[in-house]
Each structure stands twice: as structure tokens, then as C-alpha cells.
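To keep things clear, I will list the structure first and then write my remarks on it.
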Amino acid sequence: MSSENRKYKWVGTRQIRPDGHDKVTGRAKFGSDFSVSGMIHGRVLRSPHAHAIIKSIDTSDAESLNGVKAIITSKDFKDQSPELKAAGEGMINYKDMTRNIMAREKALYDGHAVAAVAATTAEIAEAALELIKVDYEVLPHVIDVDEAMKDGAPILHEDMVPSGITIDGPTNIAKFVEFSLGDTKKGFEEADIIIERSYKTEAVHQGYIEPHAVVASVTEDGQAQIWCCTQGQFQVRAFVAQLLGMPTSSIRVTPSEIGGGFGGKTVVYLEPLATLLSKKSGKPVKMIMTREEVFRASGPTSGGSMTYKIGAKKDGKITAVEGSNKLLAGAFSGAPAGPACMCAVAPYDIKNVYINGYDVVVNRPKVAAYRAPGAPISAFGAESIIDEVAKELGIDPLTIRKLNAAKKGTQAAYGPTFREIGYEQTLDIAIEHDHYLSPLGPNQGRGVASGFWFNIGGESSATVNINEDGTAVVISGSPDIGGSRASLALMAAETLGIDYDKVRPIVADTASVGYNFVTGGSRVTFATGLAVVEAAKDAVRQLCERAAKIWEVDAEAVIWDDGHAKPASSNVGDFEPLSLSSLAGQANKTGGPICGHNAQNVQGAGPAFATHICDVEVDPETGNVTILRYTAIQDVGRAIHPSYVEGQIQGGAAQGIGWALNEEYIYNSKGKLDNPGFLDYRIPVASDLPMIDAVIVEVPNDRHPYGVRGVGEVPIVPPMAAVANAIENATGVRMSALPMSPPRLLAALDQANVKEAAE
Amino acid sequence: MVRVLLTDSISKSYTGGVSEFEIFVSNVRQLIRQLDEIYPGLGSEIDNGTLSLSIDGDIYQDAFLEDLQPDSEITFLPKIGGG
Amino acid sequence: MAKHHISMTLNGEPTEFLCSTRQTLLDVLRDELNLTGSKEGCASGDCGACSVMVDDRLVCACLVLGAECDGKTVESIEGMADGENLHPLQQKFLEEAALQCGICTPGVLVAAKALLEKNNNPTETEVRYWLAGNLCRCTGYDKIVRAVMSTAADMRGDSK
């Protein structure tokens, strides 16, 4: 909690977002709202099988249907090398990517794209899909991560060579990773108690309300324009360029407003298909996923199967942790096993740790990022077992966390030694919070849990143009998912010394601003914010130079203060300060337009920690869990726009509550998804939740001019364990598998009752 | 001497299990070159972006141009993305 | 197949359009009348992003056929502001940051307006159950519920 905010005029204030009016009046253009003249419509044929060899595809009948303009299959995409290339989130395997956007030798999950059609109307395109004959040889499939690792499991990729582990013969294990610190054998010998448990989490979808949508238009000279909803227009450009073998300069991607992403829109599905269909048909092509397609073929994040073992002394000091995280990747490798391992016990100063992780392919859609990818899964295990230790030792669960808390100078199990971090502060606030001290009623329980995320920097470019009337335009390339235009404008206003409403931020297309990495990893306010501040400082430097020219003094003799150029000291001369608008108004005669610019690969992200408190009431008759009260405390570094910081925390917590209580994929015995809609895939609705009290802690990151760490990822890390711990506190029943939905919890309660009766 | 820490996976793949060592370099470019001589391939993984580095607790998306202090501590990490 | 010729009142204006039998009101608004403020999140009545009023009844436009709307009065998000003055709910949503990505916002606003017209003093529970048909994945609903209740208080003339 900082009162330092007051040293700023704009940073830390709650202004109306620049894109707000468009979004409350229906004017804002989201992915599917965009149309162009002469556009035709594309649809995708998807595999009805979880695992099948594609023996042949006959498109001749579909091609002869009136109104059909183009049909594509995997034959229309050149094959790609499996060599990893840097682009997008981590290293990209384009051999996998081209197979994910369009099945090649095999269909690997229910909903896997096998062909796409563009026709004059969507109805004709759909009719054409039914005329495409695909000859499948159906193979045995595997959905569950533990099943996929067993000997004799159906193998998705016969040629897959796992990294980090040697396995004879074909396997579904794509990767094995290990992290260790100290000596766990010694650590367990020192322990007074040792607990070992297994946990399981379901794969869950990001659940953005806006389905994927794109319009692509390729002209006869090979120039492509793509309008789509994405977290990263530059990634879309890179992926389409590679998949279609086009020069990057021939592709211009304009991001629409984006109706939620949470990581799920950092990849491509429709964009390369629409671009190729447009190329082939010579017409602009619009494609929109249905909700069913979103569930069957996009996202989700991994599900996991974990074991955790923990040792502690009687006084609560944790002496050792061992963990294993088996994460399902979907049909292609890429489960966030590394981050899962690295985040699991990162909030704690534990001397002896060994954690490993597996990245395992199964017949499901390939996972995409989802808020702090991997961390919520391993934290469910780690934060549940720490709760058991606390209970076993009779120590308050926040006190045991505080006793073991990581602080400045703690070496994390994944290697680095933390500099200034705010984890302990989140615990101190939680311990004294009115919520934590309030009484509970019958069938009610309270749980706490903590979480960690690295936060990231990455490439950001920004331009700050000073207009002739003294206003400014801030151009960045980071799609605004949750109010980042407002935070960028606040930082620009603060730096320039002009009013917030004189700064207009825009999100530019790939041809109008330098490269920007995706909106993700909690990086935009930190990294793009830093680029905007540096661009504003560049503009300020130019403004000072202009004042120096007018005054005939050295540029170094001019300082910028509160929106004015002023002489650095009385020695410089007696000059009236020149305002930004006055300098902007005479820019033409002092050297021309004033444009600040900055582009860099931003380093120095500051880690984020959170502690959540959750109260539940369990209905013993139905197993239904009601969330009574929820408090989320998080170190954000600095809240540039506190309302949108709170919003990120509240939204992440709500998603975590959905993951904890209801969200799951239901695959039938044939490997077909039985719940591809919001009625049966149940995300939290307004009546499921209480108010979510977001408590902002500000331990500034000294690598950012205003102290920003980042906020969006970590709020989804603690909720699953917080809810499970609260249920245990209410009922005495420890739920070790998600979701803790009414039928599952009721079964567990019944089992506990039977056991109790028998004793 | 700069202290280098490797995760288990990385040390198994590149250094035959050596997970901690010291090296005399004053920036990351020298580190990449020297590592490739001692443990072929390890330096390149930093250079091509497969791995990222933390220097004294800060994780770098790309540390190629960073200077190192004589007492710097470096950790090799998998690349971090996010939602 | 011949198209239906439909006349309705849309956001106060007499409006005519042609639609096929299978086109929903949402298709008509978005594709025929170029009003893209109503969003399609599911096309099955589960998400509420296409909430509109038809003859003063709150409905999902994806569950109503365009052809059913002959003679009806339809109000969409585009008709919510009065000229250049935002509806108090719209203004409050801006002031209290009750939106993040904004995709659910038009539907939430139309639904919330319908609530306040029926009940000018809803409890938190009433707001939560009324809006239970409008999915929002970004906000956790906290600021939405607060904004609706605070608008209701303003419209009643209560001092906060």
C-alpha cells in the first residue's frame, strides 16, 4: 500500500478509458464485426474422429457446387521443418503448426480441421462441407494424460523423439524437464512429518466470449491484408508468412478489438486458412468459428496429473518438496510443463526441492496459453499439500506460509535469486484482513492459497506524436484486452506533463508501428508501457531542443517540468517557460514535426505474488459449493489504473473459481467432446459469485519508470487450492481432483460418511 | 568469476550433469562463445533464443548485449511466455 | 426460396428488411442492417451477448427469427444513448470500469436497462440473478454488479 502515488498527477488515477465510449455504444469493431466489399465466406470441415488416418479427401462434388469459389486441404500447404524457430510464445514448431491448422496424415482430435471451403454465402460453404468425402481409418485414441503415458497406449506421433528423456520405442511423452535445489533426501531426513499426495486437474478453456474471426484479402500481386481478433498481430503475420511461404512485408495484419483472449488468441487457427482461401479464390474471405468449433478445436490449457511430497519440521519450516507434474499437451507437444515446475513452490524459501514435469500428447486440441500457463495446475497440488501440513502441525495456514515465505535474497528452486518482491506483504495483509478474522457459520469453511508468476518483458515499439495543438497520439502495437490503452495514456500524460484527455492512444496494425510481441504474460503495461514512456521522453527531449533553439541556449540548459520547457537554472537566462502546446504550435519553424519513438526488447520484468482468501458454504445434501466471500491480495508493483488492475485480479480469480468448481471437458468413449457449448461447459455466471475484493499491494519494480510489475497472470494461480482448502475446512473432506462439482463432491462426502459410520 | 547455474534438464543435456560452475567472462556475448567451446551447443541455445537467462535475479527475454559483473549469478531457464 | 419482407420499429425508427426464413434477428441486425453492436458469442442463447428488447421483453436475438419481428418494436444497444447523451448505465460503466474487453458489454447494458425499468431498487442478489444469462469472462462481474446498483441509486435520486 503506497501513498507515493500522490507524487504523480495521472499515474494511479481512475480515468475513463479512451476506447470506452465505442464499447458501451456498440460501435467498437470486434473480429466478426468487420466486413469488406466483395467478401465471400469460409467454413471448416472438421474431423468427427478423435484419432484417424486420413486415407483420402475427395473434394470434387463440393467444387462443382454452385457458389463454391475455393477449397483447401493440407495439400495446399507446403510441409514445414520440425526445427524450432523463435516466434510467438516460446519456440515454434511449424511442422506441428501446419498440421494443427489443417490435419495432414492423421486427424488427431475431434474437431481437427481437415478441409476448408470458401463460397458466396456461408450456407453454400456449409452445404459444400457435406459434399467433401473423407476416407478415414479410425484408430484407437487416448484422452487422459496418465493413460497416454502407459505402455501400449495409442501413439499419436510414431516419429516423436522426446526431449530430456530417453525412451525406447514410440511414446506420447514429448518432453521431460527437471528442476532441483539442494538435496531432498537430506531435507526429508530433517523433517518431522512427511505427506505425499496425488492431484488431478482438468483441461479448461480460456472461455473468451468472442469466437475467433478473420477477414483476409489477398490481391493478385500477392499482397495480403488480414483483419482478425488476436492478442498479437505480429505473431499472426509471422505465422501466416511461414505457413504460406510469403514475405513478411506482403502481409499487413490489423487487430480488431478483441473480445477476450487470456492466452487463447496468441496462436492462429483461421488466419492462414482464410488467407489461402482468399489467394485461391481471388476474393476477400471472412471466417468465424462457431462456439462449438471454439470448444472442439481451440485452446484449452493443459490438464495435469501430479504427485507432491512435502516434509516439514514441527515448527512449520518446510525442509523438502518433491513434485511431479504430468501435463497433457493436446495433439501436439507444448504443455507448459516447465513453468508448472518453476512456479509450484516459487513463493517459498525451501532449501531442498526436486520437481519434474512431462509434456504429453493426447487426442485433444493442442493447448494454448491461458493466464500463467502451467502455474495454476502445479499450485493446486503444492498449495493443497502445504495446507495439509499446516493442519497436521496445528499451525495457521497463513502463518506457515509466512514462516516459509520467499523474500529478497531467496533463491528460487528454478534458479534465480529474487530481488525486491512483495510476497510477505500479501501475507501480512491477509493475516490482518477483516475477511480472515470474520466468523464462519455451519457448513462453512475458509481456505487460503498463494501464487507466483514471473511476468515478462519482450519486444515493444511505440511512437508518441506531438500534435500542432499540444495534444498527443500514442501509437503502440499491443492489442487492448482489458484497459491497456488507458494505462499507456496515463503514463504518457504523466511523462509529457499534459492532461490525460489530451493523449489519444491507438493500437496500430503491423505496417504502422514497429514490432510488438503478443499481449500476454502480463507484459503490456510493463513492457509496452516502458516503450511508451521512453517514446514520450524522446518527444520531451525534442521539445527541450526546440526551446533551446528559441532561447539560443544549449539543449542541456533546458529542463522539462510539468509540461513546460524551463531554463535549468537562473544562470541560463531569464526565460518564460514554454508550454508543450506553445512549442508544438511553432514546431514547423523550429525543425518540423515532433515525433518521439522507442523500440526495444524490454528486460527486467518483476515477479508477481498473490495470496487469496476464500470462504465457501457446502450443501451436504447436494455437494453444491457456494462462494461466500473472496479476497485477492496481490503485489502489482504499481497500479497505473487501479480500476483495471482490480478488474484483472477479479477476473482471474473468477476464472480460477470456475476451474475449481465446474469447468471440464467431457469426452465420450469415442473421444468426441460432449459439452462444446456454454450450457454444458459451465463458466461462472453472475449469480455464482460474490463480490471479489481485490487488494492492491505496491512494491515497485525498480526496472520500470513507474514501478509496474504486471497483473493479469497471477490471479488465476491461487483460486483452485484456496477453494479446495476452504471445502476441506468446511467438510473435513480433501478434494484432490478438479472440478469439485456437485456430483464429485457429493460422492466424496458420501464416501467420507460411509467411512466414518464404519469406524 | 561469473557463477552459472543450470537446471537439471539443461545440465543433463549439455554439461553431463554439471549444474554449477564459474567462468571468467564480462558479458553475455563472451559467455555464449566460451560456453560453446566448453559445452558445445549450450551457448547457441541462448544465442538462438531457445533458452533465456536470468542475471542476478532478473529474467532476460534476450540477454545478448548484457554486461556481467565479476560476482554476477546467471541461471539458464526455459523461455517464459504467458497468457 | 423467397425472402420475407419485414417491417419493424428499430431503435425508434421504422425499418424494413428482407430476410430468409432461417435468419435470426441477430443475423438481420448484424448482416442486413449493419448494426454489429449485438454480438454473437454462442448462437444458442447461453451467453447473452446479443441481448435486445423485443416489444419490451428482454430476449437473445440469436433465439428470435427475423421473420418473427414483423410489426414488433426492437431496441438494441445502438438505440440506448439519447443523441449525444449516454444512458446513465453506459456512463456509469465507463466511470466504474465495468468492462474489460467489451464484448459482453452491449448485452449486459441492454439487460441491465431492462432490469432497472422493472425494478429501480434491485438487491445485489437480484442484479446477479437477472444478469446470470449474460456471460462475462473478464471482470468476475464485481464491477458490473456495482455499476448497475450504483446507477439504480443515482436514477432513484439517492445520495450514495
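The values are calculated or read from the model by the stated rules, or taken from the named source; none is laboratory data. Note that the structure is a prediction, hence the values are computed from the model and not measured. Cβ: placed from backbone, ideal geometry, glycine included. Neighbour counts: every protein chain shown.
Residues that are over 16 Å from A:Ile57 (Cβ atoms), small (Gly, Ala, Ser) and either at pLDDT 95 or above or crowded, with 18+ Cβ neighbours inside 10 Å (or both) within the range A:67-100 comprise A:Gly67, A:Ala87, A:Gly88, A:Gly90, listed in sequence order.
Being within 10 Å of another protein chain (Cβ to nearest Cβ) and outside any helix (DSSP H, G or I) is a condition met by no residue of the range A:727-742.
Evaluate the range C:62-78: report whether one residue or more is in contact with a helix residue (DSSP H, G or I) (Cβ under 6 Å, 6 or more places away or on another chain) and of a type in the set (Asp, Glu). No, the conditions are met nowhere in the range C:62-78.
Yes/no matrix, rows are residues, columns are (1) away from chain B (no Cβ under 14 Å); (2) assigned to a loop (DSSP other than H, G, I, E, B):
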{"position": "A:Ile195", "(1), (2)": "yes, no"}
{"position": "A:Gly207", "(1), (2)": "no, yes"}
{"position": "A:Pro211", "(1), (2)": "yes, yes"}
{"position": "A:Asp221", "(1), (2)": "yes, yes"}
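Here is a list: A:Ala610, A:Ala599. Which entry is outside any loop (DSSP other than H, G, I, E, B), out of contact with any Phe, Trp or Tyr (no Cβ under 6 Å at 6 or more places or on another chain) and crowded, with 22+ Cβ neighbours inside 10 Å? Quick ask: steps written out before the conclusion?
On the way: A:Ala599 fails: crowded, with 22+ Cβ neighbours inside 10 Å.
Just one listed residue meets the conditions, A:Ala610.
Taken over the range A:439-479, the criterion of being within 22 Å of A:Glu388 (Cα to Cα), part of a loop (DSSP other than H, G, I, E, B) and out of contact with any Asp or Glu (no Cβ under 8 Å at 6 or more places or on another chain) is satisfied by A:Pro439, A:Pro442.
For every residue, the table says whether it meets (1) within 20 Å of the chain's Cα centre (by Cα); (2) more than 27 Å from A:Val142 (Cβ to Cβ).
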| position | (1), (2) |
| --- | --- |
| A:Ala346 | yes, yes |
| A:Val367 | yes, no |
| A:Pro373 | yes, no |
| A:Ala390 | no, yes |
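Taken together, B:Leu68, B:Leu35, B:Leu31, B:Leu53 contain a single residue that is within 11 Å of another protein chain (Cβ to nearest Cβ) and either out of contact with any Ser or Thr (no Cβ under 7 Å at 6 or more places or on another chain) or surrounded by 19 or more Cβ atoms within 10 Å (Cβ to Cβ) (or both), which is B:Leu53. Criterion applied to C:Gly102, C:Gly71 was being in a loop (DSSP other than H, G, I, E, B), touching a residue at least 24 places away in the same chain (Cβ under 8 Å) and either surrounded by fewer than 23 Cβ atoms within 10 Å (Cβ to Cβ) or facing chain A (nearest Cβ under 9 Å) (or both), and the one residue passing it is C:Gly71.
On the basis of being surrounded by 24 or more Cβ atoms within 10 Å (Cβ to Cβ) and in the same structural domain as A:Thr248 (by TED's automatic domain parsing), does A:Leu328 make the cut? Here the answer is no, as A:Leu328 does not meet what is asked. Taken over the range C:116-132, the criterion of being touching a helix residue (DSSP H, G or I) at 6+ places or on another chain (Cβ under 7 Å), farther than 17 Å from A:Val24 by Cα and within 13 Å of chain A (Cβ to nearest Cβ) is satisfied by C:Pro122, C:Glu124, C:Val127, C:Arg128, C:Tyr129, C:Trp130, C:Ala132. Answer yes or no: is there a residue in the range A:355-363 that is surrounded by fewer than 24 Cβ atoms within 10 Å (Cβ to Cβ), outside any helix (DSSP H, G or I) and in contact with a helix residue (DSSP H, G or I) (Cβ under 7 Å, 6 or more places away or on another chain). Yes, the range A:355-363 contains a residue that is surrounded by fewer than 24 Cβ atoms within 10 Å (Cβ to Cβ), outside any helix (DSSP H, G or I) and in contact with a helix residue (DSSP H, G or I) (Cβ under 7 Å, 6 or more places away or on another chain). Looking across the range B:71-83 at every residue that is modelled with pLDDT under 90 and over 11 Å from the mean Cα position of the chain (by Cα), the one that is surrounded by the fewest Cβ atoms within 10 Å (Cβ to Cβ) is identified as B:Lys79.
Inspect the range A:699-707 for any residue being of a type outside the set (D, E, K, R) and on the phi > 0 side of the Ramachandran plot and give the result as yes or no. Break it down into steps so the answer makes sense when it comes.
Here is the first cut: in the range A:699-707, the ones of a type outside the set (D, E, K, R) are A:699-701, A:704-707.
Right, trim to on the phi > 0 side of the Ramachandran plot and you get A:707.
Among the residues of the range A:699-707, at least one is of a type outside the set (D, E, K, R) and on the phi > 0 side of the Ramachandran plot, which makes the answer yes.
On the given criteria, is A:Glu196 among the acidic types (Asp, Glu) and farther than 19 Å from A:Arg371 by Cβ? In short, yes.
Here's the yes/no breakdown for (1) modelled with pLDDT of 95 or more; (2) out of contact with any Pro (no Cβ under 6 Å at 6 or more places or on another chain):
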{"residue": "A:Ser522", "(1), (2)": "no, yes"}
{"residue": "A:Gly529", "(1), (2)": "yes, yes"}
{"residue": "A:Glu552", "(1), (2)": "yes, yes"}
{"residue": "A:Lys566", "(1), (2)": "yes, no"}
{"residue": "A:Ala599", "(1), (2)": "yes, yes"}
{"residue": "A:Ile613", "(1), (2)": "yes, yes"}
{"residue": "A:Pro620", "(1), (2)": "yes, yes"}
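Of the residues in the range C:126-143, not one is β-branched (Val, Ile, Thr), modelled with pLDDT of 95 or more and surrounded by fewer than 24 Cβ atoms within 10 Å (Cβ to Cβ). Residues considered: A:Gly334, A:Gly299. Of these, the only one that is part of a loop (DSSP other than H, G, I, E, B), under 17 Å from the mean Cα position of the chain (by Cα) and within 19 Å of A:Ile666 (Cα to Cα) is A:Gly299. Among the candidates B:Gly81, B:Gly16, the residue that is of a type in the set (Gly, Ala, Ser), without any contact (Cβ under 8 Å) to a residue 40 or more places away in the chain, in a loop (DSSP other than H, G, I, E, B) and farther than 20 Å from A:Phe454 by Cα is uniquely B:Gly16. The number of residues in the range A:274-295 being closer than 30 Å to B:Ile80 by Cβ and in a loop (DSSP other than H, G, I, E, B) comes to 1. Of all residues in the range A:124-173, those satisfying the criterion of being under 30 Å from A:Ala62 (Cβ atoms) and either under 28 Å from the mean Cα position of the chain (by Cα) or modelled with pLDDT under 95 (or both) are A:Leu156, A:His157.
Looking only at the range A:740-754, which residues are small (Gly, Ala, Ser), modelled with pLDDT of 95 or more and surrounded by 14 or more Cβ atoms within 10 Å (Cβ to Cβ)? Spell out how you get there, then give the answer.
So the first thing to find is which residues in the range A:740-754 are small (Gly, Ala, Ser), and the list is A:741, A:747-748, A:752.
Still in the running and modelled with pLDDT of 95 or more: A:741, A:747-748.
The answer is A:Ser741, A:Ala748.
When you look at A:Gln600, is it within 27 Å of A:Ala492 (Cα to Cα), touching a residue at least 60 places away in the same chain (Cβ under 8 Å), among the polar types (S, T, N, Q) and within 14 Å of chain C (Cβ to nearest Cβ), yes or no? When the stated conditions are applied, A:Gln600 does not pass them. On the given criteria, is A:Ser669 surrounded by fewer than 24 Cβ atoms within 10 Å (Cβ to Cβ), assigned by TED's automatic domain parsing to the domain that holds A:Asn729 and either among the basic types (Lys, Arg) or part of a loop (DSSP other than H, G, I, E, B) (or both)? Against the criterion (surrounded by fewer than 24 Cβ atoms within 10 Å (Cβ to Cβ), assigned by TED's automatic domain parsing to the domain that holds A:Asn729 and either among the basic types (Lys, Arg) or part of a loop (DSSP other than H, G, I, E, B) (or both)), A:Ser669 qualifies. Taking every residue in the range A:433-445 that is within 16 Å of A:Thr631 (Cα to Cα) and pairing it with any residue that is modelled with pLDDT of 95 or more and in a loop (DSSP other than H, G, I, E, B), at least 6 positions away or on another chain, yields no pair with a Cβ-Cβ distance below 6 Å.
Kindly establish whether A:Ala103 is touching a residue at least 12 places away in the same chain (Cβ under 8 Å), surrounded by 17 or more Cβ atoms within 10 Å (Cβ to Cβ), in a loop (DSSP other than H, G, I, E, B) and hydrophobic (A, V, I, L, M, F, W, C). Before the answer, list the steps.
On the way: touching a residue at least 12 places away in the same chain (Cβ under 8 Å): yes; surrounded by 17 or more Cβ atoms within 10 Å (Cβ to Cβ): yes; in a loop (DSSP other than H, G, I, E, B): yes; hydrophobic (A, V, I, L, M, F, W, C): yes.
The answer is yes for A:Ala103.
If you go through the range A:234-273 and keep only what is surrounded by fewer than 24 Cβ atoms within 10 Å (Cβ to Cβ), within 14 Å of chain C (Cβ to nearest Cβ) and assigned to a loop (DSSP other than H, G, I, E, B), you end up with just A:Ser256.
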